[in-house]
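Down below is the structure, laid out as structure tokens.
The values are calculated or read from the model by the stated rules, or taken from the named source; none is laboratory data. Bear in mind the structure is a predicted one, so any value in this text is a computation, not a measurement. All Cβ positions, glycine included, derive from the backbone under ideal geometry; neighbour counts span all protein chains shown.
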């Protein structure tokens, strides 16, 4: 069942930003400063640039496949159900762990103020956020927008106040361990940008994803990167080195210096908002993973039930809330370290997914945003995130291996028997072994996604292309041989084959139907009523139409009676738009079979004719 589209670019910005702004800036700067010194603000800036590189792949994938489950969906469609299940379950677990950490942070603040046990507040917050998300994603995202905007205003006040009180002397020396320690610390603080994956998991619920996803996500990483860098710069400039290095509440401590006790209280409130935004975004995003796994048949089907009233996956939201509360009984260091390693691995796998989808030449993979400098950005991202994941993953908590084991068991016992769809890696293997391993499942699925994304209403020509006979010729033919061959192929179509052959040759003598050296459109209006047929022919060696056009390789042949003249004209118009695309000849020649030729034509951009539905 599909989810309702309600989110805009501001919602995406708020979900992504709210997922990042929490412990990464309210707790981590003091620990990071102890590792590298005054250059900690550069570490945050470098980590932001690295996160932006990884985000580019996420944006490309999300605009091509705006589906629930985010990186799980991308990875499954590129690398297959086994790796997809492992990635989906791990990402789900990482979001649960990160969300439980945020809820613990909010509960801890309440504990400090009231003395009441942390678990009581945690239980209360889990119920609140579960209810908000069950109520509806627009309601949840609206709450998120309010919290994030309030938080950004408070952070801006902190920056404006602190800028005039910076002591330049605090930046000497810039680093206690040289520039290498600044880069190492960038890896340490990278988890601060881990919330970017959360927004991708709700891409299916975004209105006009081509328009709203790129600015929402890209603006989020830019704003948060600048925010982190400026705030850490101010922390270094206004706090005593020994105070900052030992602080677990650096912004609150700095606010006491900048604003006095009132500032301390304001920042405590801001941190409370920050943990709330992370928790709200976390449960919203995490709940879409089991929903997506169930929809693919890798998890039991009852998990994909969606409320008819709120259009949200109530069961997976509720289950996620229970898991988040259960995670609060784990050691906090285990929560953070496990989540860090998984997020880094998810970025690396997303970069690999982009490479696989590009190299598979799947025609219906049509992102509206493409990462520049392919494949260098992706290769660099895999290397960078791989190194960071290894560093962060040393002594990886046993919980990760337990989760991977559970995911593998679920796949072997359940998912492997249910999931029968193609994935892009099979297309690459197909080229290597020269053996057909795929059907049209992936092309058809991605094409439907693109139609939904672009709000395309299929017209009569879509159905004609879907039903057209496609002939893939290996041998070279003259145009006379070709027309006789075509007549034989349509002998049982309700027309006189000999007559069609003669008509085609007469039509060619009157004026050539070759419109480019690569394409010919021999077409006829036939006597009778109620007949229309489109033949599509790819000649690998070419058809000799004349001395001027010796090797025509794409032939479109509409044949119809006079009463179908409107269909005839619409088909010719559609063909003209398709063949004018800059990469048509390359893709036509590179298609491996008739199925790929059909997919190429169906996925090509063209203007649909209104009022001509099939």
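Here is a yes/no grid of residues against (1) in a helix (DSSP H, G or I); (2) free of Cβ contacts under 8 Å to residues at least 24 places away in the same chain:
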{"residue": "214", "(1), (2)": "yes, no"}
{"residue": "224", "(1), (2)": "yes, no"}
{"residue": "232", "(1), (2)": "yes, no"}
{"residue": "242", "(1), (2)": "yes, yes"}
{"residue": "255", "(1), (2)": "yes, no"}
{"residue": "278", "(1), (2)": "yes, no"}
{"residue": "292", "(1), (2)": "yes, no"}
{"residue": "303", "(1), (2)": "yes, yes"}
{"residue": "312", "(1), (2)": "no, no"}
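Would you check which residues across segment 557-594 are under 14 Å from residue 470 (Cβ atoms) and surrounded by fewer than 18 Cβ atoms within 10 Å (Cβ to Cβ) and list them?
592, 593, 594
Go through segment 559-588 residue by residue and tally those that are out of contact with any strand residue (DSSP E or B) (no Cβ under 8 Å at 6 or more places or on another chain) and outside any helix (DSSP H, G or I).
4
Among the residues of segment 371-419, write down those that are at positive phi and modelled with pLDDT of 80 or more.
373
With respect to residue 152, determine if the residue is touching a residue at least 24 places away in the same chain (Cβ under 8 Å), surrounded by fewer than 17 Cβ atoms within 10 Å (Cβ to Cβ) and under 27 Å from residue 369 (Cβ atoms).
No: the conditions fail for residue 152.
Please return the ranges of helices (runs of 4 or more DSSP H) entirely within segment 7-74 where 1 or more residues are under 30 Å from residue 169 (Cβ atoms).
23-26, 28-36, 40-64
Across segment 73-83, what is the number of residues that are more than 15 Å from residue 356 (Cα to Cα) and either in contact with a strand residue (DSSP E or B) (Cβ under 9 Å, 6 or more places away or on another chain) or crowded, with 24+ Cβ neighbours inside 10 Å (or both)?
Residues meeting the conditions: 0.
Taking the stated definitions as given, is residue 338 assigned to a helix (DSSP H, G or I), within 15 Å of residue 90 (Cα to Cα) and at pLDDT below 75?
Criteria met by residue 338.
Can you pull out every residue in segment 514-526 that is at pLDDT 90 or above and in a loop (DSSP other than H, G, I, E, B)?
515, 516, 517, 518, 521, 522
From 112, 159, 116, which residue is in contact (Cβ under 8 Å) with a residue 40 or more places away in the chain and surrounded by fewer than 16 Cβ atoms within 10 Å (Cβ to Cβ)?
Unique residue meeting the criteria: 159.
For the subset of segment 289-307 comprising residues that are surrounded by 24 or more Cβ atoms within 10 Å (Cβ to Cβ) and under 17 Å from the mean Cα position of the chain (by Cα), which member is farthest from residue 65 (Cα to Cα)?
Only one residue tops the list, namely 290.
If a residue counts only when it is modelled with pLDDT under 80 and closer than 22 Å to residue 39 by Cβ, which helices (runs of 4 or more DSSP H) contained entirely in segment 101-202 have at least 2 such residues?
Answer list for segment 101-202: 178-188.
Being in contact with a helix residue (DSSP H, G or I) (Cβ under 9 Å, 6 or more places away or on another chain) and at pLDDT 90 or above is the filter here; which residues of segment 527-544 pass it?
Of everything in segment 527-544, those that are in contact with a helix residue (DSSP H, G or I) (Cβ under 9 Å, 6 or more places away or on another chain) and at pLDDT 90 or above turn out to be 534, 535, 536, 537, 538, 539, 540, 543, 544.
Looking only at segment 546-553, decide whether some residue is within 26 Å of residue 474 (Cβ to Cβ), touching a helix residue (DSSP H, G or I) at 6+ places or on another chain (Cβ under 8 Å), buried (at least 19 other Cβ atoms within 10 Å of the Cβ) and in the same structural domain as residue 504 (by TED's automatic domain parsing).
The answer is yes, given that some residue of segment 546-553 is within 26 Å of residue 474 (Cβ to Cβ), touching a helix residue (DSSP H, G or I) at 6+ places or on another chain (Cβ under 8 Å), buried (at least 19 other Cβ atoms within 10 Å of the Cβ) and in the same structural domain as residue 504 (by TED's automatic domain parsing).
Of the conditions (1) within 30 Å of residue 436 (Cα to Cα); (2) surrounded by fewer than 16 Cβ atoms within 10 Å (Cβ to Cβ); (3) in contact (Cβ under 8 Å) with a residue 60 or more places away in the chain, residue 486 satisfies every one except a single condition; which number is it?
With respect to (1) within 30 Å of residue 436 (Cα to Cα); (2) surrounded by fewer than 16 Cβ atoms within 10 Å (Cβ to Cβ); (3) in contact (Cβ under 8 Å) with a residue 60 or more places away in the chain, residue 486 is out only on (2).
Might you check whether a residue that is within 29 Å of residue 561 (Cβ to Cβ), modelled with pLDDT of 85 or more and surrounded by 15 or more Cβ atoms within 10 Å (Cβ to Cβ) occurs anywhere in segment 502-513?
There is at least one residue in segment 502-513 that is within 29 Å of residue 561 (Cβ to Cβ), modelled with pLDDT of 85 or more and surrounded by 15 or more Cβ atoms within 10 Å (Cβ to Cβ).
Any chance you could count how many residues in segment 555-590 are more than 34 Å from the chain's Cα centre (by Cα) and under 23 Å from residue 477 (Cα atoms)?
Adding up the residues that qualify gives 5.
If residue 86 meets every condition in (1) surrounded by fewer than 24 Cβ atoms within 10 Å (Cβ to Cβ); (2) under 13 Å from residue 352 (Cα atoms) apart from one, which number is that one?
The one condition residue 86 does not meet is (2).
Condition test on residue 534, is it more than 26 Å from residue 435 (Cβ to Cβ) and touching a residue at least 24 places away in the same chain (Cβ under 8 Å)?
yes
Can you find a residue in segment 213-227 that is under 24 Å from the mean Cα position of the chain (by Cα), surrounded by 19 or more Cβ atoms within 10 Å (Cβ to Cβ) and over 24 Å from residue 274 (Cβ atoms)?
Checked against the condition, which is being under 24 Å from the mean Cα position of the chain (by Cα), surrounded by 19 or more Cβ atoms within 10 Å (Cβ to Cβ) and over 24 Å from residue 274 (Cβ atoms), segment 213-227 yields at least one hit.
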